Amino acid sequence: MVMTQQYLAGELSVILEEVQAAASSEACARQAWDLRLEAESAPVTALPSAAARALALINSLCWESLALGDTAAFARQATVCGELHEFGFCAHLLDEELTPKHRLRCGALREEARQMTDNTEGQIPEPRDEQISEAQIAVHWREEEYFAPPARFIGQANASDPAIFERFTEDKFPECFREYADLLTWDTYWHTTLDTSNAPFWKWFTGGRLNACYNCVDRHLAADRNKAALIWVPEPESADPVAVTYQELYRRVNEFAALLRDFCGLQAGDRVTLHMPMVPELPIVMLACARLGVIHSQVFGGFSGGACGHRIADSGSRVLITMDGYYRGGELTDHKVKADEAIETSRREGQEVGKVLVWRRHPGQYASKVPMAEGRDFFVDELLTRYRDHIVAPVSMPAEAPLFIMYSSGTTGRPKGCQHSTGGYLAYVAGTSRYYQDIHRDDTYWCMADIGWITGHSYIVYGPLALGTTSVIYEGVPNYPDAGRPWRIAERLGVTIFHTSPTAIRLLRKLGPEEPNKYDYHFKHMTTVGEPIEPEVWRWYHGAVGKGEAVIVDTWWQTENGGFLGSTLPALQPMKPGSCGPGVLGIYPVIWDEDGNEIKAGSGKAGNICIRNPWPGTFQTIWGDPDRYIATYYQKYCKNPDSKDWRDWPYFANDGAVQAADGYYRILGRVDDVINVAGHRLGTKEIESAALTVEEIAEAAAVPVIDELRGRIVEMYVSLKPGFTPSKEIKGKVVTAIETEIGKIARPRTVWIVADMPKTRSGKIMRRVIASVSNFTDVGDVSTLANPEIVDEIRHHVQAQKAARGEVPRELTPEEAAEIKAFGQAE
Ligand code: WTA
């Protein structure tokens, strides 16, 4: 320990010498010198704070040089920044070993340093001595430590000039988004940037015409014909990665578009449901649809046949496109069986599917046990021989024509088909991919999400391909065959940008904390998306996965939004673990309480995060249900339902959030009874209605339980109809029903059979009470319930069993406890 201390003190002193040399004024040099003296003579407990203050000092110098346009000084300072930053990381490790009292002190000093970064004059304020409660400091210390982007990243970033913020200020809205639309190739340029005449059904770039497939494929041929557009990594490690060049993608998309048009008779405006795994054929099908103006609706491959069937019926698709099987966790799964179930479900809901196109994972072989239905099911590899070398002209679509539908969960049992536009959506994902993902044409970009979710649509397929980069697609699970797999793929392919979810990061950290170190890859940029990330997990991502060389963007957004809403602009805004950052360019968020009073930044209070303005990537409506679109997202804070002015129609995101004094948001989670399991949105009501299909079940309630790896997991409470006795079989039936109706991803960890549910006098199930039981938190006041005595009975039963299985969770953070307490209020 003493050795480490001496080493760190020496290191810091050396770096501070460089800070001093890089200082642009006498005053700064003096500050650096003072800090250096402090570092050399200070006890170990003061080291992290000296490092944090030095970092803040050099940071402010960097910004100053940038503003002055002094690039030489900036480069010098930014390099020191990077070194200090690394030092900060070591120092952080050190202060893990400190006593709690010292840690509190470090937290307070870091806070000072943070404020100093905001101080353009670069003055170091004296540390304040006022008393701050332990809880407050703990939160500050955990959240408010800044990490600066490495100089090397800043030097090459697409957005490295702070003038970009000026271009997207509110007074420039909506014209600021011209910059995004100009990244695309238009057949006809638009005449109106934002048409609000039918608010809140926004229309972007009206008058404009374009084709999304042309923008993602054809236009790159001239310069990059034989560059890889996609690199597909099959799950079995014995199989080599497969590169699909832009030229090959062009050929394959055209052939499949010809098949869709000539064999299936599909045309612009028709809907097609896809239920495909992570194979290159999935983007090929999506792009072929886009080429014809056919609206695709890809259902996540892990969803059950039943879930797929509901979505087929809702979208009115006549054609289903699927694959016979795919590899997952070492097994070749039978996927075609789900198509048969899907068609059955959809038929019951009144929608007939005329054709099922079945890709084969290994062309010529069939991976499924279920027969092909004569005249309905067709092998795509056989059909394609008829369309060899066919070319289909891209159909020029109006900017506001729908490009795709993506279903997502909400408060009611019926999933919402979020309808996304062609021009606005594509412009938004191209713009955000360029500035926030920092994608360059020569990057090798790997987003490990599934294309069946919005992240995959926007940031595996449309955004990266619109920019003409190389996008990697991985078929399998991250830890197959071991937790080193992602890093082997990164090394083998030379991945430069990596994008994944907190759940995957937690898993890889748990299973193989040392694995990244064993492989020679270098990311310049990494993304986290889909759920809040714990600061400790963030730090592992940054230090171990990113090797301290990569920037991280924590991107907050939703299926409805098409692209990012909250994030840091990586070269220009420092990172802060656990916070997504401020609103992105052209997005002006606000937090309101239930009554529409603004909750100010830095107040420490949480509220509903809303976006005050529309943006090009936003969904246009809920497919077939415009009233629900308004009711769910726009009614709550609408200032005047007759208004045509966008200012009167803020978007209610259904997420809780807090905003720190620096403008960064921390997203706390859903306020609409959606449970976010491993980054996947599951509607409580959908799970419950699946459970209710079991004959013996009278009532069902799904609640979230905080989980170390998956963020939240589902626990199910059921009560039985009279005459039935609790049994393992019934529990098994409930699990099977949920897997059949929704998919394995919604599988509850436990099904608790209870004598009765805690209820209000009007008969409403009090989900927050059982959620508190499952999470071992205070159930609150239950005296007003119709049956308060049941609460203790359930608690004893459930908590005793959980304790016996070693499932007692850690103590919840105040935010988690608040979430559990609020659960079930959305009805
Ligand atoms: C949550 C995924 C914290 C949030 C793109 C949101 C996040 C829901 C973040 C949308 C983040 C997404 N930090 N929470 N960076 N990103 N969420 O529709 O609750 O699958 O409303 O879209 O995930 O999930 P969806």
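The values are calculated or read from the model by the stated rules, or taken from the named source; none is laboratory data. A quick note: this is a predicted structure, and the numbers were derived from the prediction, not measured. Positions of Cβ are generated from backbone atoms using ideal geometry, with glycine treated the same way; all protein chains shown enter the neighbour counts.
For the range 547-555, does any single residue satisfy the condition of being in a loop (DSSP other than H, G, I, E, B) and either in contact with a Leu (Cβ under 9 Å, 6 or more places away or on another chain) or closer than 29 Å to F300 by Cβ (or both)? Reasoning before the result, please.
Within the range 547-555, the first condition is being in a loop (DSSP other than H, G, I, E, B), and the residues that meet it are 547-550.
After this cut, where a residue has to be either in contact with a Leu (Cβ under 9 Å, 6 or more places away or on another chain) or closer than 29 Å to F300 by Cβ (or both) as well, the list is 550.
Scanning the range 547-555 turns up at least one residue that is in a loop (DSSP other than H, G, I, E, B) and either in contact with a Leu (Cβ under 9 Å, 6 or more places away or on another chain) or closer than 29 Å to F300 by Cβ (or both).
Mind listing whichever residues of the range 442-489 are closer than 22 Å to E560 by Cβ and not aliphatic (A, V, I, L, M)?
C447, D450, G452, W453, T455, G456, H457, S458, Y459, Y462, G463, P464
Being under 18 Å from G456 (Cβ atoms) and within 18 Å of the chain's Cα centre (by Cα) is the filter; apply it to the range 406-415 and report the residue that is modelled with the lowest pLDDT.
Restricting attention to the range 406-415, the residues satisfying the condition of being under 18 Å from G456 (Cβ atoms) are 406-409, 415.
Among the residues that remain, those that are also within 18 Å of the chain's Cα centre (by Cα) are: 406-409.
On the way: M406: 98, Y407: 97, S408: 94, S409: 86.
This residue is S409.
Does the range 663-710 hold any residues that are out of contact with any strand residue (DSSP E or B) (no Cβ under 9 Å at 6 or more places or on another chain) and within 10 Å of the ligand (Cβ to nearest atom), and which are they? Let's see the steps before the verdict.
Filtering the range 663-710 down to residues out of contact with any strand residue (DSSP E or B) (no Cβ under 9 Å at 6 or more places or on another chain) leaves 680, 693, 695, 708-709.
Matches in the range 663-710: H680 only.
Looking only at the range 505-515, count every residue that is part of a helix (DSSP H, G or I) and in contact with a helix residue (DSSP H, G or I) (Cβ under 8 Å, 6 or more places away or on another chain) and tell me the total. Write out each step before concluding.
Taking the range 505-515 as the starting set, the residues that turn out to be part of a helix (DSSP H, G or I) are 505-511, 515.
Next, from what is left, pick out any that are in contact with a helix residue (DSSP H, G or I) (Cβ under 8 Å, 6 or more places away or on another chain): 505-506, 508-509, 515.
Result for the range 505-515: 5.
Determine, yes or no, whether A39 is buried (at least 23 other Cβ atoms within 10 Å of the Cβ), at negative phi, at pLDDT 70 or above and among the aliphatic types (A, V, I, L, M). So that I can check it myself, show each step before the final result.
Values: buried (at least 23 other Cβ atoms within 10 Å of the Cβ): yes; at negative phi: yes; at pLDDT 70 or above: yes; among the aliphatic types (A, V, I, L, M): yes.
Judged against the criteria, A39 is a match.
Each row is one residue, and each column tells you yes or no for (1) touching a helix residue (DSSP H, G or I) at 6+ places or on another chain (Cβ under 8 Å); (2) part of a loop (DSSP other than H, G, I, E, B); (3) more than 9 Å from the ligand (Cβ to nearest atom).
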position	(1), (2), (3)
E560	yes, no, no
F564	yes, yes, no
T568	no, yes, yes
G586	yes, yes, yes
I591	no, no, yes
E594	no, yes, yes
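Looking at (1) at pLDDT 95 or above; (2) touching a strand residue (DSSP E or B) at 6+ places or on another chain (Cβ under 8 Å), which is the one condition that is false for G743?
For G743, the failing item is (1).
Can you work out which of the residues in the range 372-396 that are hydrophobic (A, V, I, L, M, F, W, C) and outside any loop (DSSP other than H, G, I, E, B) is surrounded by the most Cβ atoms within 10 Å (Cβ to Cβ)? Reasoning before the result, please.
Our first condition is that a residue be hydrophobic (A, V, I, L, M, F, W, C); within the range 372-396, this holds for 372-373, 378-380, 383-384, 391-393, 395.
Next cut, outside any loop (DSSP other than H, G, I, E, B) only: 378-380, 383-384.
Values: F378: 17, F379: 16, V380: 20, L383: 17, L384: 18.
The selected residue is V380.
Return the residues of the range 618-662 that are more than 16 Å from the ligand (Cβ to nearest atom) and small (G, A, S); say none if nothing qualifies.
Correct list: G624, A631, S643, A661.
Is there any pair linking a residue in the range 230-241 that is in contact (Cβ under 8 Å) with a residue 60 or more places away in the chain to one that is of a type in the set (S, T, N, Q) and surrounded by 21 or more Cβ atoms within 10 Å (Cβ to Cβ), with Cβ under 6 Å and at least six apart or on different chains, and which?
Qualifying pairs under 6 Å: L230/S471.
Consider the range 686-704. How many of its residues are within 27 Å of the chain's Cα centre (by Cα) and either without any contact (Cβ under 8 Å) to a residue 24 or more places away in the chain or outside any strand (DSSP E or B) (or both)?
At the first step, the residues of the range 686-704 found to be within 27 Å of the chain's Cα centre (by Cα) are 686-690, 701-704.
Subset that is either without any contact (Cβ under 8 Å) to a residue 24 or more places away in the chain or outside any strand (DSSP E or B) (or both): 686-690.
Counting residues in the range 686-704 that are within 27 Å of the chain's Cα centre (by Cα) and either without any contact (Cβ under 8 Å) to a residue 24 or more places away in the chain or outside any strand (DSSP E or B) (or both) gives 5.
Could you tell me whether any residue of the range 516-533 is within 16 Å of the chain's Cα centre (by Cα), within 16 Å of the ligand (Cβ to nearest atom), part of a helix (DSSP H, G or I) and of a type in the set (D, E)? Outline the logic, then answer.
So the first thing to find is which residues in the range 516-533 are within 16 Å of the chain's Cα centre (by Cα), and the list is 525-533.
Add one more test, that the residue is within 16 Å of the ligand (Cβ to nearest atom), and what stays is 525-533.
Pick out the ones that are also part of a helix (DSSP H, G or I) and you get none.
Scanning the range 516-533, I find no residue that is within 16 Å of the chain's Cα centre (by Cα), within 16 Å of the ligand (Cβ to nearest atom), part of a helix (DSSP H, G or I) and of a type in the set (D, E), so the answer is no.
Could you tell me whether the range 749-765 includes any residue that is closer than 19 Å to V677 by Cα, touching a helix residue (DSSP H, G or I) at 6+ places or on another chain (Cβ under 7 Å) and among the basic types (K, R)?
no
I'd like to verify a number: residues in the range 457-483 that are buried (at least 24 other Cβ atoms within 10 Å of the Cβ) and small (G, A, S), how many?
Residues in the range 457-483 being buried (at least 24 other Cβ atoms within 10 Å of the Cβ) and small (G, A, S): 4 in total.
Between a residue in the range 664-684 that is under 16 Å from K744 (Cβ atoms) and any residue that is in a loop (DSSP other than H, G, I, E, B) and polar (S, T, N, Q), which pairs come within a Cβ distance under 7 Å, given they are 6 or more apart or on different chains?
G679/S501; R681/S409; L682/S409
Among the numbered criteria (1) part of a loop (DSSP other than H, G, I, E, B); (2) modelled with pLDDT under 95, which single criterion is violated by Q136?
Against the list (1) part of a loop (DSSP other than H, G, I, E, B); (2) modelled with pLDDT under 95, Q136 comes up short only on (1).
Condition first: of a type in the set (G, A, S) and more than 15 Å from P650 (Cβ to Cβ). Can you find one or more residues in the range 588-600 that meet it?
From the range 588-600, those of a type in the set (G, A, S) are 596; that's our starting set.
Now restrict to residues that are more than 15 Å from P650 (Cβ to Cβ): none.
Looking for residues that are of a type in the set (G, A, S) and more than 15 Å from P650 (Cβ to Cβ), one finds none in the range 588-600, hence no.
Among (1) under 17 Å from A653 (Cα atoms); (2) in contact with a His (Cβ under 7 Å, 6 or more places away or on another chain), there is one condition P570 misses while meeting the rest; what is its number?
(1)
Would you check if G602 is assigned to a loop (DSSP other than H, G, I, E, B), within 15 Å of the ligand (Cβ to nearest atom) and among the small types (G, A, S)?
Values: assigned to a loop (DSSP other than H, G, I, E, B): yes; within 15 Å of the ligand (Cβ to nearest atom): no; among the small types (G, A, S): yes.
Taking the combined requirement at face value, the residue does not satisfy it.
What is the one condition in (1) surrounded by fewer than 23 Cβ atoms within 10 Å (Cβ to Cβ); (2) in contact with a Leu (Cβ under 9 Å, 6 or more places away or on another chain); (3) part of a strand (DSSP E or B) that L709 does not satisfy?
L709 satisfies all of (1) surrounded by fewer than 23 Cβ atoms within 10 Å (Cβ to Cβ); (2) in contact with a Leu (Cβ under 9 Å, 6 or more places away or on another chain); (3) part of a strand (DSSP E or B) except (3).
What are the residues in the range 571-583 that are part of a loop (DSSP other than H, G, I, E, B), out of contact with any helix residue (DSSP H, G or I) (no Cβ under 7 Å at 6 or more places or on another chain) and either modelled with pLDDT under 95 or within 16 Å of the ligand (Cβ to nearest atom) (or both), if any?
If the condition is that a residue be part of a loop (DSSP other than H, G, I, E, B), out of contact with any helix residue (DSSP H, G or I) (no Cβ under 7 Å at 6 or more places or on another chain) and either modelled with pLDDT under 95 or within 16 Å of the ligand (Cβ to nearest atom) (or both), then Q573, C580, P582 are the ones that fit.
List the helices (runs of 4 or more DSSP H) inside the range 714-819, counting only whole elements, that have at least 3 residues being more than 30 Å from V658 (Cα to Cα).
Values: elements: 728-741, 767-774, 789-804.
The qualifying helices (runs of 4 or more DSSP H) are 728-741, 789-804.
Give the range 332-360 a look and list any residue that's touching a helix residue (DSSP H, G or I) at 6+ places or on another chain (Cβ under 9 Å) and not in a helix (DSSP H, G or I), or say none. Give the steps one after another, and end with the answer.
Narrowing the range 332-360 to residues touching a helix residue (DSSP H, G or I) at 6+ places or on another chain (Cβ under 9 Å): 337-353, 355-360.
Correct list: E349, G350, Q351, E352, V353, K355, V356, L357, V358, W359, R360.
So, in the range 534-553, of the ones that are aliphatic (A, V, I, L, M) and within 16 Å of the ligand (Cβ to nearest atom), which residue ends up surrounded by the fewest Cβ atoms within 10 Å (Cβ to Cβ)? Spell out the reasoning first.
So in the range 534-553, the residues aliphatic (A, V, I, L, M) come out as 537, 544-545, 550-553.
So of that shortlist, the ones also within 16 Å of the ligand (Cβ to nearest atom) come out as 537, 551-553.
Details: V537: 19, V551: 27, I552: 25, V553: 25.
By that ranking, first place goes to V537.
Is there any pair linking a residue in the range 360-377 that is within 21 Å of V285 (Cα to Cα) to one that is hydroxyl-bearing (S, T, Y), with Cβ under 7 Å and at least six apart or on different chains, and which?
Taking only residues 6 or more apart or on different chains, the pairs are R360/Y366; R361/Y326.
For the range 542-576, what are the residues that are of a type in the set (S, T, N, Q) and in contact (Cβ under 8 Å) with a residue 12 or more places away in the chain?
Pass one, the range 542-576, residues of a type in the set (S, T, N, Q): 555, 558-559, 561, 567-568, 573.
If the condition is that a residue be of a type in the set (S, T, N, Q) and in contact (Cβ under 8 Å) with a residue 12 or more places away in the chain, then T555, Q558, T559, N561, S567, T568 are the ones that fit.
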